[in-house]
Every structure is written in structure tokens, then in C-alpha cells.
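S.K.: What follows is a single structure, and I will ask about it in a moment.
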Amino acid sequence: MMRVLILEDDPARKAQFEELFKDHHVRITSIASTAIDLLMTERWDLLSLDHDLGDKVMVESGPGTGYEVAVYLEEFPERKPACIMIHSLNTVGAGRMRQALPEAAMFPGVWFCASVEQMVNSIGDEKWDGLIDCSEVEQRGLQPPSLLHTNAKTGIGIIDIAGGAVEQDRNVVGTERNEEHIDT
């Protein structure tokens, strides 16, 4: 069982993360300072960070954002979980977090994954393989979302998930199912 810490404030995404990690120990907080406190006091296998918090969108990096957590981990690398993911749709904020945490996987739209196995398979980084038994992915016939394009400047990709594309500018094209789950 993984220990997963998620920084997210959107109620719909929180519910999707809870479903995605239902078989694991999950703690979701919407407050950056709480995430830092949890990183200081507990060990985590996976950390997933949003940038914009408190019902604010496309905000500058600073206190009260996911960037605050990224800077903390940059200053105290011994507190870093083995795997870190940035799931923010704010490309500027996500890019700043990635500068502080260059080892982090960029995965906007991760909440659309059908399972942890699909998420890990989608990231395609060997260090993540230890989080799951890859044979389970094959047994369940899961396919990862496809990376359609990566923005060379930000390193953030447009990911094809469940037949729709989640674009870096927060627009969604594709299925109605996807459009219902993204705030635009």
C-alpha cells in the first residue's frame, strides 16, 4: 500500500484522486503549509502537487501555492518522496515548480486515469515502476494516456486521455466526459 500526499483544492478533483488511490493510504490537503507539515513529520511514497489553491486560478507563484511546497522540498531534499508529480494546469506555475523539482513528473489531467497502474505506466519513468506490479497492468488490459505533444519551452505536454486532449491552456477538446471534469 502506497502512502500518497496530494495538494489539491478542487472538490471534484479531490473525489477523483480519492477514487484513483482508493486502495492506498491517501491524504489530500488544499493548504500548502499543511502539506509541508505533513512532509516534515511523515514519509510519503508519492506526492502530487497542484499550483493554484483556494479557488484562485492562474496565480503567481508564492506563499499559499504548490510552489511553496516545491521550494520547501528543494531546501530539504531529504524530505522528498520517492516519486513527485505536478498535476497543475497552470503551465507557468507548474514550470516554476518543475524548476525547483526537476525530477518531478509533469502530468496535468492525472485525475482522468482509470487506475494507479495506468498513471504509473503513463509516466514511463523507471523509478515509478516500483509503485505497482506491472503485470497487473497487462492483466487488466490498461492503456496509458498518450502524450500528443510537448511544449519545448515549458516541458508540459498535451495528453490524450479517454479520447480527449487536455491542453496546457486548460481547454478541453474531445469527449463530453472530459469536459464535465475540467473547470474552464
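The values are calculated or read from the model by the stated rules, or taken from the named source; none is laboratory data. It should be emphasised that the depicted structure is a prediction, and the values quoted were computed from it without experimental measurement. Neighbour counts are summed over all protein chains in view; Cβ atoms, including those assigned to glycine, are modelled from backbone coordinates with ideal geometry.
S.K.: Search the stretch 96-116 for residues that are in a helix (DSSP H, G or I) and pair each with any residue that is of a type in the set (D, E, K, R) and surrounded by 19 or more Cβ atoms within 10 Å (Cβ to Cβ) when their beta-carbon atoms are under 6 Å apart and the residues are at least 6 apart or on different chains.
M.R.: Here the result reads Trp111/Arg13, each pair linking the stretch 96-116 to a residue that is of a type in the set (D, E, K, R) and surrounded by 19 or more Cβ atoms within 10 Å (Cβ to Cβ).
S.K.: With Ala114, Ala104 as the choices, which residue is small (Gly, Ala, Ser), surrounded by 15 or more Cβ atoms within 10 Å (Cβ to Cβ) and more than 12 Å from the chain's Cα centre (by Cα)? I'd like the intermediate steps shown before the answer.
M.R.: Details: Ala104 fails: more than 12 Å from the chain's Cα centre (by Cα).
Residue meeting the stated conditions: Ala114.
S.K.: Check the stretch 76-86 and report whether any residue there is in contact with a Gly (Cβ under 6 Å, 6 or more places away or on another chain) and either within 23 Å of Met119 (Cβ to Cβ) or without any contact (Cβ under 8 Å) to a residue 24 or more places away in the chain (or both).
M.R.: No: zero hits.
S.K.: Looking only at residues in the stretch 4-36 that are more than 18 Å from Ala82 (Cα to Cα) and among the small types (Gly, Ala, Ser), which one is surrounded by the most Cβ atoms within 10 Å (Cβ to Cβ)?
M.R.: Ala32
S.K.: Would it be correct to say that Leu39 is under 17 Å from Ile123 (Cβ atoms), at pLDDT 95 or above and surrounded by 19 or more Cβ atoms within 10 Å (Cβ to Cβ)?
M.R.: Working: under 17 Å from Ile123 (Cβ atoms): no; at pLDDT 95 or above: yes; surrounded by 19 or more Cβ atoms within 10 Å (Cβ to Cβ): yes.
Considered against the rule, which asks whether it is under 17 Å from Ile123 (Cβ atoms), at pLDDT 95 or above and surrounded by 19 or more Cβ atoms within 10 Å (Cβ to Cβ), Leu39 comes out as no.
S.K.: Would you mind stating whether Tyr72 is among the hydroxyl-bearing types (Ser, Thr, Tyr), surrounded by fewer than 21 Cβ atoms within 10 Å (Cβ to Cβ) and under 22 Å from Glu103 (Cα atoms)?
M.R.: Values: among the hydroxyl-bearing types (Ser, Thr, Tyr): yes; surrounded by fewer than 21 Cβ atoms within 10 Å (Cβ to Cβ): yes; under 22 Å from Glu103 (Cα atoms): yes.
So Tyr72 passes the test.
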